[in-house]
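The values are calculated or read from the model by the stated rules, or taken from the named source; none is laboratory data. All values reported here derive from a predicted model rather than from experimental measurement. Cβ sites come from the backbone with ideal geometry, for glycine too, and all protein chains shown count toward neighbours. Ligands, DNA and RNA are stripped out before the accessible areas are found, and what is left, the full protein with its side chains, is counted by its heavy atoms. Shrake-Rupley method; radii C 1.70, N 1.55, O 1.52, S 1.80 Å.
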Amino acid sequence: MMSSDTRDDDVDALVDLAWEARIPVARAEPEERASWLESAATALESSGEQLIALAASETAMDPARLRAEVARTAGQARLFGRALREGGLREVIVDRARPDAVPIPTADLRRDLVPLGPIAVFPAGNFPFAFGVFGGDTVSALASGNPVVVKAHPGYPSTSEVTARIVIEAMRSSGAPSGALSLVTGISAGLRLVSAPAIQAVGFTGSFAGGRALQRAIDARVVPIPFYGELGSVNPVFVLPDFVGSVDDLAEGFVGSLTGGDGRLCTKPGVLIVPRGRGIAEEVARRADSVDLVPTLGASVESRFQSELAHLAASPALDVLTADRSAHHAVVFGTTAQELQHDAERVLVEAFGPAAVVVEYADQTELLSLAGTMPPALVASVFTAGTDAQLAALIAVVRDRVGRLVHNGWPTGVAVTWAMHHGGPFPATTAPLHTSVGVTSARRWQRPVVYQGFAQELLPHHLRDGSGTEARIDGRAGVL
């Protein structure tokens, strides 16, 4: 098990190894990279119970949840494997030569996506597998042809080390070069990692403070690089007056979404916005008091959460609606739209745990004003029975502040698919054009290159006519 932080010279050596691996990793055929990922997925499943027991001891997470997370981790690796085999990570675009074009002739243009090079990944504390050493950032970077150096999360160092050992061994047995994946540990090692000239991009999931510290280190580099950070989100849920479900069902669903994963999910709903006079806030608080929780992720995370609760409780705009504020219960605050406007900056912040604010509004004017007050988020939910102008007006405001909109459903739960977008405007993420979940998350680790006027035999094979590569040819979908 890890006994100490990685020394500076060892960090440098691992980065050098990743740099040396960049060419063989990039040149590996898609089928080869797919086999690396699939072998690692199988190895993780084979060692699942060992890893689950280790992660449970380090994080206090429920083994059943961890078991599902291992399955998701293996599944997302296989999804990228299928995407590689099917050519889904290439966006080949071809404009054939037009010697008769007006006003000037145009040459043959073939656009390809190429890997950036070594990537640094900082895993999430609340997902030791799905966002861990072999989580979505790592898998998407490897799939798109980049070596990865992972900085172990301090909340589960042993789980990180064992996972890395299993994955690296499985990948090597499938032909991956040395340096395709490696692990460092410690704050100083992480800062040295992102400062290394060979590192070409950074992926991070964690707190706003941690993300900003990394951003400062990256900004100090001579050559800038992309920083893809997920920094935290207050995910609002809007209930329109025409919602026809029962108050009991709404409250039950909200509390379930709020307390899932001990309330420590990036998509946890942090604000519930409801019409006044329905008794929703009271029912939410009653149900929250009845749910017993087991604090997870360690004393430092719980201490930070209690500080965040104290910060919220100090607001004159909020009332504590729940009776129990111990670590074993959720905390629900209540306010009105009018009261909130006096202290929105303090109230509308993420509390990384089972805490939420219920805000009551009087009419559509207050509803739309609240929507415009919400900070940018990963996701927002809207509960309504209709499709009228009121809904359209709300969506027009909310859409500009989130990366995903949910209709009559809860924000927790992010499917690993082709269409998923898990991102949002700053400070939810640092790069709202990109997702950290789903196949298109690989776009973060690629850049376009255009080959102009090349003879067929000089092109990469998949860009040649007759290669069978799916491509957009002269503006239309086709096959080379």
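Residues in the range 103-113: is at least one crowded, with 22+ Cβ neighbours inside 10 Å and under 23 Å from the mean Cα position of the chain (by Cα)? Looking for residues that are crowded, with 22+ Cβ neighbours inside 10 Å and under 23 Å from the mean Cα position of the chain (by Cα), one finds none in the range 103-113, hence no. Inside the range 262-293, residues that are in a loop (DSSP other than H, G, I, E, B) and either free of Cβ contacts under 8 Å to residues at least 12 places away in the same chain or not charged (D, E, K, R) (or both) make up a count of 8. Out of curiosity, is residue 248 open to solvent by 30 Å² or more (accessible area, probe 1.4 Å), outside any loop (DSSP other than H, G, I, E, B) and at negative phi? Criteria met by residue 248.
Taking the range 368-393 only, how many residues are in contact with a strand residue (DSSP E or B) (Cβ under 6 Å, 6 or more places away or on another chain) and either open to solvent by 20 Å² or more (accessible area, probe 1.4 Å) or assigned to a helix (DSSP H, G or I) (or both)?
1
Residue count for the range 60-74 under the criterion of being in contact with a helix residue (DSSP H, G or I) (Cβ under 8 Å, 6 or more places away or on another chain) and surrounded by 14 or more Cβ atoms within 10 Å (Cβ to Cβ): the result is 9.
Checking each residue in the range 1-60 for being of a type in the set (Val, Ile, Thr) and part of a helix (DSSP H, G or I) picks out 11, 15, 23, 25, 42, 52, 59. Scanning the range 440-453 for residues that are more than 16 Å from residue 114 (Cα to Cα) and surrounded by 16 or more Cβ atoms within 10 Å (Cβ to Cβ) turns up nothing. When you scan the range 75-92, do you find a residue that is acidic (Asp, Glu), open to solvent by 10 Å² or more (accessible area, probe 1.4 Å) and part of a helix (DSSP H, G or I), even just one? Scanning the range 75-92 turns up no residue that is acidic (Asp, Glu), open to solvent by 10 Å² or more (accessible area, probe 1.4 Å) and part of a helix (DSSP H, G or I). Of the residues making up the range 344-365, those that are farther than 23 Å from residue 231 by Cβ, of a type outside the set (A, V, I, L, M, F, W, C) and open to solvent by 30 Å² or more (accessible area, probe 1.4 Å) are 360, 363, 364, 365. The residues of the range 59-92 that are over 25 Å from residue 152 (Cβ atoms) and of a type in the set (A, V, I, L, M, F, W, C), listed by number, are 83, 84, 89, 92. Within the range 95-102, is even one residue more than 20 Å from residue 120 (Cβ to Cβ), in contact with a Pro (Cβ under 7 Å, 6 or more places away or on another chain), crowded, with 22+ Cβ neighbours inside 10 Å and not aromatic (Phe, Trp, Tyr)? No; the residues of the range 95-102 include none that is more than 20 Å from residue 120 (Cβ to Cβ), in contact with a Pro (Cβ under 7 Å, 6 or more places away or on another chain), crowded, with 22+ Cβ neighbours inside 10 Å and not aromatic (Phe, Trp, Tyr).
Taking the criterion of being among the polar types (S, T, N, Q) and in contact with an Asp or Glu (Cβ under 6 Å, 6 or more places away or on another chain), the residues of the range 322-367 that qualify are 322, 336.
Quick check on residue 46: is it at pLDDT 95 or above and open to solvent by less than 50 Å² (accessible area, probe 1.4 Å)?
Answer is no for this residue.
Criterion applied to 365, 296, 335 was being touching a residue at least 12 places away in the same chain (Cβ under 8 Å) and either under 30 Å from residue 64 (Cα atoms) or assigned to a helix (DSSP H, G or I) (or both), and the one residue passing it is 296. Residues in the range 191-224 that are under 19 Å from residue 17 (Cβ atoms) and part of a loop (DSSP other than H, G, I, E, B) were compared, and the one that is most open to solvent (accessible area, probe 1.4 Å) is 197.
Within the range 299-326, take every residue that is in a loop (DSSP other than H, G, I, E, B) and at pLDDT 90 or above and give me the one that is farthest from residue 346 (Cα to Cα). Per the stated criteria, the residue is 322. Among the residues of the range 146-163, the ones that are buried (at least 24 other Cβ atoms within 10 Å of the Cβ) and in a loop (DSSP other than H, G, I, E, B) come to 5 in all. With (1) without any contact (Cβ under 8 Å) to a residue 60 or more places away in the chain; (2) within 21 Å of residue 31 (Cβ to Cβ) as the list, and residue 143 as the residue in question, which single condition is left unmet? All conditions pass for residue 143, except number (1).
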